[in-house]
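Everything on this sheet refers to the single structure shown next.
The values are calculated or read from the model by the stated rules, or taken from the named source; none is laboratory data. This structure is a prediction, so every number in the text was calculated from the model and none was measured. Here Cβ is always computed from backbone atoms with ideal geometry, including for glycine, and neighbour counts include all displayed protein chains. Ligands, DNA and RNA are excluded from the accessible area calculation, which covers all protein heavy atoms including side chains. Shrake-Rupley method; radii C 1.70, N 1.55, O 1.52, S 1.80 Å.
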Amino acid sequence: MLTKRENLLETIRGGKPDRFVNQYEAFEFVLNDPFALRFPGPKPGEMEVEVGWGVTKQWPAGFPGAFPVHDEAHIVCKDLANWRDYVKAPPAVFSAEEWEPAVRRAQEIDRKEHFVTSFIAPGVFEQCHYLLEIQNCLISFYEEPEAMHELIDCITDWEICYAKEVCKYIKPDALFHHDDWGSQISTFISPEMFEEFYLPAYKKIYGCYREHGVELIVHHSDSYGETLVPYMIDMGIDIWQGVMTTNNIPEMIRKYGGQISFMGGIDSATIDYPGWTREKVASEVRRACTEYGKLYFIPGASQGLPISNFEGVYEATSEEIDKMSQEMF
């Protein structure tokens, strides 16, 4: 029997996996790096928590996640043309003592069985709209393109600096990087605009991780994004996690399998809701596994970590995937 790590590599390389990769089973996350410890995000029910870069987030009770506060008092960058007056990058270099919890966590992980996985969020696009507010951000691509390029360069430089620290201390096998690039039905910006503004940034960031020994690049965007797949390949993504059913997943596997793999295929909203049922979970898992197949696809909910909004959903999904492995392999 293949290890979880081996089975994932067989799946994304077109080899001979002996079962479905079951959601996040191959990844062990290091979530206690110094930046995460200094700027922890809000927990459910917490309001107005500062999360770095001057951004304030809140997680209202009953909501599925946290989001920046963007009233007039809390928008960080109120004038993009003069962004340097507002945007102050947080520390990217921490002491060896501050890295000790993350180092210990990484040392506990069996690298033969799992990928030691670094977690980075938000990504470059999300950081832009965290600082600017989403509508202001999208308008600025048209009205202030030069300043947008400068802001993206600033965020990219910070990410690269922190990437070198991550790789120095915990030596991750995999990177799991969050950056939502679209809604359920469309990308937030056109592919051409994405190529101009974000492709160069991500080629630098993901190239830095590769240069420092990271084997696997996993990018989370639970959204529509199939028009961006060629750029994902160009920037070095191995697995697009969060792929939703609004994308033509069978066609993407046919067209791009061997260059990139797809993780998700089960929209979280279809199974992870109040009053969820095992029958609905089983139905969605069966549909995904039979429609998308054994290679270049990892079944799981589109959620961007091994969690669910409602108790038991993640575990039930994993159990149903195991059943499909017994049936199909």
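Looking at segment 265-279, can you tell me whether even one residue there is buried (at least 20 other Cβ atoms within 10 Å of the Cβ) and in contact with a Gly (Cβ under 6 Å, 6 or more places away or on another chain)?
no
Within segment 289-322, take every residue that is in a helix (DSSP H, G or I) and hydrophobic (A, V, I, L, M, F, W, C) and give me the one that is nearest to the chain's Cα centre (by Cα). Steps first, answer last, please.
The initial filter retains those residues of segment 289-322 that are in a helix (DSSP H, G or I), namely 289-292, 313-322.
So of that shortlist, the ones also hydrophobic (A, V, I, L, M, F, W, C) come out as 289, 313, 316, 321.
On the way: Cys289: 22, Val313: 20, Ala316: 22, Ile321: 21 Å.
Of everything passing the filter in segment 289-322, Val313 is nearest to the chain's Cα centre (by Cα).
Out of (1) among the basic types (Lys, Arg); (2) farther than 25 Å from Pro306 by Cβ; (3) in contact (Cβ under 8 Å) with a residue 24 or more places away in the chain, what's the single condition that is false for Lys78?
(3)
Okay, residues lined up against (1) at pLDDT below 95; (2) within 17 Å of Gln184 (Cα to Cα); (3) of a type in the set (Val, Ile, Thr):
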| position | (1), (2), (3) |
| --- | --- |
| Pro274 | yes, no, no |
| Gly304 | yes, yes, no |
| Glu319 | no, no, no |
| Asp322 | no, no, no |
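Which residue pairs have Cβ atoms closer than 6 Å, lie 6 or more positions apart in sequence or on different chains, and pair a first residue in segment 179-190 that is in contact (Cβ under 8 Å) with a residue 60 or more places away in the chain with a second residue that is open to solvent by 50 Å² or more (accessible area, probe 1.4 Å)?
Correct list of pairs: Gln184/Thr246; Ile185/Thr246.
Looking at segment 111-151, which of the residues that are closer than 14 Å to Tyr86 by Cβ and touching a His at 6+ places or on another chain (Cβ under 7 Å) is most open to solvent (accessible area, probe 1.4 Å)?
Ranking the qualifying residues of segment 111-151, first place goes to Glu133.
Somewhere in segment 269-288, is a residue in contact (Cβ under 8 Å) with a residue 24 or more places away in the chain, on the phi > 0 side of the Ramachandran plot and within 23 Å of the chain's Cα centre (by Cα)?
No, the conditions are met nowhere in segment 269-288.
Based on what the data block shows, is Tyr231 assigned to a helix (DSSP H, G or I), among the hydroxyl-bearing types (Ser, Thr, Tyr) and touching a His at 6+ places or on another chain (Cβ under 9 Å)?
Criteria not met by Tyr231.
Restricting attention to segment 133-178, and to residues there that are of a type in the set (Lys, Arg) and in a helix (DSSP H, G or I), which single residue is nearest to Arg105 (Cα to Cα)?
Lys168
Restricting attention to segment 25-39, does a residue exist that is among the β-branched types (Val, Ile, Thr), under 17 Å from the mean Cα position of the chain (by Cα) and farther than 21 Å from Ile260 by Cα?
Within segment 25-39, one or more residues are among the β-branched types (Val, Ile, Thr), under 17 Å from the mean Cα position of the chain (by Cα) and farther than 21 Å from Ile260 by Cα.
Please indicate, with yes or no, whether at least one residue in segment 29-39 is open to solvent by less than 70 Å² (accessible area, probe 1.4 Å), over 30 Å from Thr290 (Cβ atoms), assigned to a loop (DSSP other than H, G, I, E, B) and touching a Phe, Trp or Tyr at 6+ places or on another chain (Cβ under 7 Å).
Among the residues of segment 29-39, not one is open to solvent by less than 70 Å² (accessible area, probe 1.4 Å), over 30 Å from Thr290 (Cβ atoms), assigned to a loop (DSSP other than H, G, I, E, B) and touching a Phe, Trp or Tyr at 6+ places or on another chain (Cβ under 7 Å), which makes the answer no.
Listed here are the residues, each with its yes/no results for (1) open to solvent by less than 50 Å² (accessible area, probe 1.4 Å); (2) of a type in the set (Gly, Ala, Ser); (3) in a strand (DSSP E or B).
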{"position": "Gly52", "(1), (2), (3)": "yes, yes, no"}
{"position": "Ala61", "(1), (2), (3)": "no, yes, no"}
{"position": "Pro64", "(1), (2), (3)": "no, no, no"}
{"position": "Ala73", "(1), (2), (3)": "no, yes, no"}
{"position": "Cys77", "(1), (2), (3)": "yes, no, no"}
{"position": "Arg84", "(1), (2), (3)": "no, no, no"}
{"position": "Phe94", "(1), (2), (3)": "yes, no, no"}
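Kindly indicate whether any position in segment 187-204 is within 23 Å of Pro40 (Cα to Cα), within 18 Å of the chain's Cα centre (by Cα) and open to solvent by less than 20 Å² (accessible area, probe 1.4 Å).
No: segment 187-204 contains no residue that is within 23 Å of Pro40 (Cα to Cα), within 18 Å of the chain's Cα centre (by Cα) and open to solvent by less than 20 Å² (accessible area, probe 1.4 Å).
Six or more apart or on different chains, Cβ under 7 Å: which pairs go from a residue in segment 110-128 that's within 30 Å of Thr3 (Cα to Cα) to one that's open to solvent by 30 Å² or more (accessible area, probe 1.4 Å) and among the basic types (Lys, Arg)? Could you list them?
These pairs meet every condition: Lys112/Arg5; Glu113/Lys4; Glu113/Arg5; His114/Lys4; His114/Arg5; Phe115/Arg5.
Take the residues in segment 85-94 that are in contact (Cβ under 8 Å) with a residue 60 or more places away in the chain and out of contact with any Leu (no Cβ under 8 Å at 6 or more places or on another chain); name whichever of them is nearest to His129 (Cα to Cα).
Among those that are in contact (Cβ under 8 Å) with a residue 60 or more places away in the chain and out of contact with any Leu (no Cβ under 8 Å at 6 or more places or on another chain), it is Ala89.
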